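The values are calculated or read from the model by the stated rules, or taken from the named source; none is laboratory data. This is a predicted model, so every value here is computed, not measured. Reconstructed Cβ throughout: ideal geometry from the backbone, glycine too, with neighbour counts over all protein chains shown. For accessibility, only protein heavy atoms count, side chains too; no ligands or nucleic acids. Shrake-Rupley method; radii C 1.70, N 1.55, O 1.52, S 1.80 Å.
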Amino acid sequence: MRDLGLMCLIALDDNTGIDLFALRRAMQMVAPRSSITIERRRAAPSETALIVEVDGQRFAVHAIGERIPETEYQEAVVGNLFWPEAADAMARHRARVAICGVERHLVHGLVRAQAVALTRLAAAIAEVTPASGVHWLGTKAMASPDRLQRATGELSRHLWPVDLWLGYVFYGTDRPGERPVVGVQTMGAADYLGFEIEVPPFEVVDKIEPIRILFGAVGYLMAYGDAIRDGTLVEVKGERRTHYKLHLGGGSRPGLAQLEVLPTDHRKLH
């Protein structure tokens, strides 16, 4: 698996297979400027196996009449803050489609390009199958088919659907009768940036707030590619604390960067 690229699993209510003509039409809808080639591969009568190339990125696609592996499924639906209905929506799924990048990229920009192509392909497959949810491996979270479709529109506007591509880990304190004091760090950002990022613990009203800050920062930094420097100022739109400074190597362990909250008048200090 270490030699393979990014991978996602699409949960299906029924194992209906994948209609290749419908898939081509769906790709024209979700990504009209993308190129696509499809090769059918040998598979069992109840399965579908394809090699699909989207914008130069090659993927193996395998549809089978089996649920998402139970350990991964339970891990991804429990406590899902972005999609609380995941467990109910996906409880009765009976089959899955696995989509995996044929090549593992080591250059950050190529990883992002593979993620873009995979998102578009997954959205097209979800459009032509009885999809009930999608699991991006490594995130420990599920996303709805609607979220997948919205992500293709974001990509056309050069926005990155970071909540699909990354996971997160909480830490801090959450005592009964008190506001949670929590921090959060990314799972998987190193593939796109070269390091993981953490937001140090602070008092929150809603646990999803530090995740939005974290994912907003990753989306901002993805535009920099390999040119990210220590001390880079990060702007996260739509949050109460909107400006941060990135400290490479400032996290609680090697390979973990930290976001420092800046005062509202920080520009006067520079």
Quickly run through region 29-56 and pick out the residues that are of a type outside the set (Gly, Ala, Ser), assigned to a loop (DSSP other than H, G, I, E, B) and within 20 Å of the chain's Cα centre (by Cα).
ASP55
Criterion first (open to solvent by 20 Å² or more (accessible area, probe 1.4 Å) and not basic (Lys, Arg)) does LEU50 satisfy it?
no
Test: residue in region 60-70 that is under 17 Å from ILE10 (Cβ atoms) and out of contact with any strand residue (DSSP E or B) (no Cβ under 7 Å at 6 or more places or on another chain):
yes
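Restricting attention to region 167-189, and to residues there that are within 22 Å of HIS135 (Cα to Cα) and crowded, with 16+ Cβ neighbours inside 10 Å, which single residue is nearest to the chain's Cα centre (by Cα)? Write out each step before concluding.
As a first pass, look at region 167-189 and keep what is within 22 Å of HIS135 (Cα to Cα): 167-170, 184-189.
Now drop any that are not crowded, with 16+ Cβ neighbours inside 10 Å, which leaves 167-168, 170, 184-186, 188-189.
Numbers: GLY167: 7, TYR168: 10, PHE170: 17, VAL184: 16, GLN185: 14, THR186: 11, GLY188: 9, ALA189: 10 Å.
Applying the filter and picking the extreme gives GLY167.
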Could you tell me how many of the residues in region 68-125 are assigned to a helix (DSSP H, G or I), touching a Lys or Arg at 6+ places or on another chain (Cβ under 8 Å) and β-branched (Val, Ile, Thr)?
0
State all residues of region 202-239 that are assigned to a loop (DSSP other than H, G, I, E, B), open to solvent by 30 Å² or more (accessible area, probe 1.4 Å) and in contact with a Ser or Thr (Cβ under 9 Å, 6 or more places away or on another chain); if no residue qualifies, say none.
TYR224
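Which one of these is out of contact with any helix residue (DSSP H, G or I) (no Cβ under 9 Å at 6 or more places or on another chain) and either more than 25 Å from ASP88 (Cβ to Cβ) or without any contact (Cβ under 8 Å) to a residue 40 or more places away in the chain (or both): GLU209, GLU198, GLU235?
Values: GLU198 fails: out of contact with any helix residue (DSSP H, G or I) (no Cβ under 9 Å at 6 or more places or on another chain); GLU235 fails: out of contact with any helix residue (DSSP H, G or I) (no Cβ under 9 Å at 6 or more places or on another chain).
Step by step, each of GLU209, GLU198, GLU235 is checked, and only GLU209 is out of contact with any helix residue (DSSP H, G or I) (no Cβ under 9 Å at 6 or more places or on another chain) and either more than 25 Å from ASP88 (Cβ to Cβ) or without any contact (Cβ under 8 Å) to a residue 40 or more places away in the chain (or both).
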Please find, among PHE21, PHE59, the residue that is aromatic (Phe, Trp, Tyr), assigned to a helix (DSSP H, G or I) and either open to solvent by 40 Å² or more (accessible area, probe 1.4 Å) or in contact with a Gly (Cβ under 9 Å, 6 or more places away or on another chain) (or both).
PHE21
Condition broken by ILE211, with the remaining ones in (1) under 19 Å from PRO254 (Cβ atoms); (2) within 15 Å of the chain's Cα centre (by Cα); (3) among the β-branched types (Val, Ile, Thr) satisfied:
(1)
For ASP3, state whether it is more than 26 Å from ALA141 (Cβ to Cβ) and open to solvent by 20 Å² or more (accessible area, probe 1.4 Å).
no
Which residues, counting only those in region 190-201, are crowded, with 21+ Cβ neighbours inside 10 Å and part of a loop (DSSP other than H, G, I, E, B)?
none
Does HIS266 meet the test of being over 23 Å from the mean Cα position of the chain (by Cα), farther than 23 Å from ALA76 by Cα and at pLDDT 90 or above?
no
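Looking at region 145-166, can you tell me whether even one residue there is under 21 Å from ILE68 (Cβ atoms), assigned to a loop (DSSP other than H, G, I, E, B), touching a strand residue (DSSP E or B) at 6+ places or on another chain (Cβ under 7 Å) and open to solvent by 40 Å² or more (accessible area, probe 1.4 Å)? Explain how you work it out, then say what you get.
First, pick out the residues of region 145-166 that are under 21 Å from ILE68 (Cβ atoms): 145-149, 151, 161, 163-166.
Going one step further and asking which of them are assigned to a loop (DSSP other than H, G, I, E, B), we end up with 161, 166.
Remaining after also requiring touching a strand residue (DSSP E or B) at 6+ places or on another chain (Cβ under 7 Å): 166.
Remaining after also requiring open to solvent by 40 Å² or more (accessible area, probe 1.4 Å): none.
Scanning region 145-166 turns up no residue that is under 21 Å from ILE68 (Cβ atoms), assigned to a loop (DSSP other than H, G, I, E, B), touching a strand residue (DSSP E or B) at 6+ places or on another chain (Cβ under 7 Å) and open to solvent by 40 Å² or more (accessible area, probe 1.4 Å).
Residue by residue through region 167-189, note down the ones that are in a strand (DSSP E or B), closer than 23 Å to LEU248 by Cα and in contact (Cβ under 8 Å) with a residue 24 or more places away in the chain.
Hits for region 167-189 are GLY167, TYR168, PHE170, TYR171, GLY172, VAL182, GLY183, VAL184, GLN185, THR186, MET187.
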Output the qualifying pairs, or none if there are none: Cβ atoms under 7 angstrom, residues six or more apart or on different chains, first residue in region 117-131 and in contact (Cβ under 8 Å) with a residue 60 or more places away in the chain, second residue aromatic (Phe, Trp, Tyr).
LEU118/PHE59; LEU121/PHE59
